[in-house]
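To keep things clear, I will list the structure first and then write my remarks on it.
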Number of protein chains: 2
Amino acid sequence: MPGFKGQAENSVDSKGRVTVPSKMRKALNPEAEKSFTITRGFEECVHLYPMDRWREMEEEFAQLNPFNRETRHFMRTVLRWADEVSLDGQGRIKMPPRLVEFSGIDGTAFVIGSLDHIEIWDPDTFDDYLNEQPADYETVAERVMTV
Amino acid sequence: MPGFKGQAENSVDSKGRVTVPSKMRKALNPEAEKSFTITRGFEECVHLYPMDRWREMEEEFAQLNPFNRETRHFMRTVLRWADEVSLDGQGRIKMPPRLVEFSGIDGTAFVIGSLDHIEIWDPDTFDDYLNEQPADYETVAERVMTV
DNA sequence: GTCAAATTCCCCACTTTTCCCCACGCGACT
DNA sequence: AGTCGCGTGGGGAAAAGTGGGGAATTTGAC
């Protein structure tokens, strides 16, 4: 089963609904049953995990030590922003208002397929993010992909 | 069975009743039979454990060495604050007055799903907690999730 | 032991939000 | 030119959260 890839710029209507690009919907595992966990990602974006993948994440979280202060801070952040959403008949999800606000989205969402999850950005925020990067693509690639 | 996640800001009425968010109620194991153990948590919050999960915790406590001074202190703290509560027909629990006072809750409760348990905070106290955190989310995530 | 007061429990009613269904427009491919 | 798939918008039904009242049970005092 292939991972998520590609990008799209879709509208976010007044009810906070965003269409999940059809190509990404086709990459969904039937096991996920059209439902996702949506939560805060890194660098002002929102992460969308298909249910089957989220289950695995939960198991990883459950292994962490709850008596460690930083673990608690981490868990509280990931989990309190998390919410369960499902595709409606039109292939859309409803973004919780607090995640719309967090990501700075206003009318338009930039959707990126990212293997096991989908990222949702405000288009302008994503541009800024790209411009902030100190190293160019080739340099980063070399560092990341060199063992 | 999915863990608890998400957040809500629900009212605490004059009788000390708080609605457990419906999404969290749906994540309950039928085995828990709508009853919980409520007790003192860490950092001025209150913890709510579904009965089935609390049973497991009790077994873990029973493994501890009762001839160790700190073990005794730990057990006395967890257990003396603990109380059993159940959902009413509207999906609410009644918070024991001493836990309302302990957490500083006054009219509004901030409820957070945290996998195997639910956390209940005073909203202002939770804000303070967040502001006290020395490291940001990205940094903490990298430290916690890097093996 | 009895009564009064307070607390708990359970039921009903209201308001707001959420969810689900239906209908439309655009573009691409046949 | 028609059809199919995809993305977009709105309206009505259902559910979630909130507040209050009355019966039953417990607590404490006399």
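Here, each number is a calculation from the coordinates, and none is a lab measurement. Treat the numbers as computed from the prediction; the structure is a model and nothing was measured. Counting neighbours? That spans all protein chains shown, and the Cβs are built from the backbone with ideal geometry, glycine included.
Given the options B:Gly89, B:Gly104, B:Gly16, state which has the largest fluctuation in a GNM of chain B using a 10 Å cut-off (strictly under) for Cα springs.
Sorting by GNM fluctuation, first place goes to B:Gly89.
Mind listing P(r) for region A:7-145? All alpha-carbon pairs, 10 Å bins, whole percents.
The distribution over region A:7-145 is 11, 38, 33, 17, 1, given as percents.
With label points built 7 Å along Cα→Cβ from the Cα atoms of B:Asp52 and A:Gln90, find their separation and express it in nm.
3.8 nm
Considering the rotational relationship between chains B and A, which residue of chain B contributes the beta-carbon of minimal distance to the axis, and what is that distance to the nearest Å?
Closest Cβ to the B-to-A rotation axis, residue and whole-Å distance: B:Val147, 33.
Tell me, how many Å apart are the Cα centres for region A:42-105 and for region B:1-76?
21 Å
Enumerate the lysines that A:Lys23 could reach by cross-link, defined here as Cα to Cα under 19 Å, with residues fewer than 8 away along the same chain left out.
Result set, ordered by chain and number: A:Lys5, A:Lys34, A:Lys94.
Along the Cα-to-C-beta direction of B:Asn10, a point sits 7 Å from the Cα; which residues of region B:66-100 have their amide N less than 13 Å from that point?
B:86-95
Highest first, please rank the peptides B:57-63, B:107-113, B:30-36 by the mean number of other Cβ atoms sitting within 10 Å of their residues.
For the peptides B:57-63, B:107-113, B:30-36, the packing ranking is B:107-113, B:30-36, B:57-63.
Other chains' Cβ within 10 Å of A:67-75 residues: what's the mean?
Average per residue, whole number: 6.
What does the average come to when, for each residue of peptide B:109-120, you count the partner chain Cβ atoms lying within 10 Å of its Cβ?
Mean shielding count: 3.
As a check on your grasp of the helix formula, calculate [θ] at 222 nm for chain A: sum -39500 (n - 2.57) over DSSP H runs of n ≥ 4, divide by the residue count, round to the nearest 500.
Calculated from helices alone, the mean residue ellipticity at 222 nm is -11000 deg cm²/dmol.
Binning at 5 angstrom from zero up to the longest distance, how are the C-alpha pair distances of region B:68-112 distributed in percent?
5, 16, 20, 22, 16, 11, 6, 3, 1
Excluding A:Arg76 itself, calculate the net charge of residues whose Cβ lies under 12 Å from the Cβ of A:Arg76, where each Lys or Arg counts +1 and each Asp or Glu counts -1.
That sum, taken over residues with Cβ under 12 Å, equals +2.
Between B:Thr125 and A:Asp136, how many nm apart are label points set 7 Å from Cα along the C-beta direction?
Once both label points are built, they end up 5.5 nm from each other.
Assume the label is 7 Å from Cα along Cα to beta carbon: what separations in nm does A:Glu33 have to the matching positions in the other copies?
2.6
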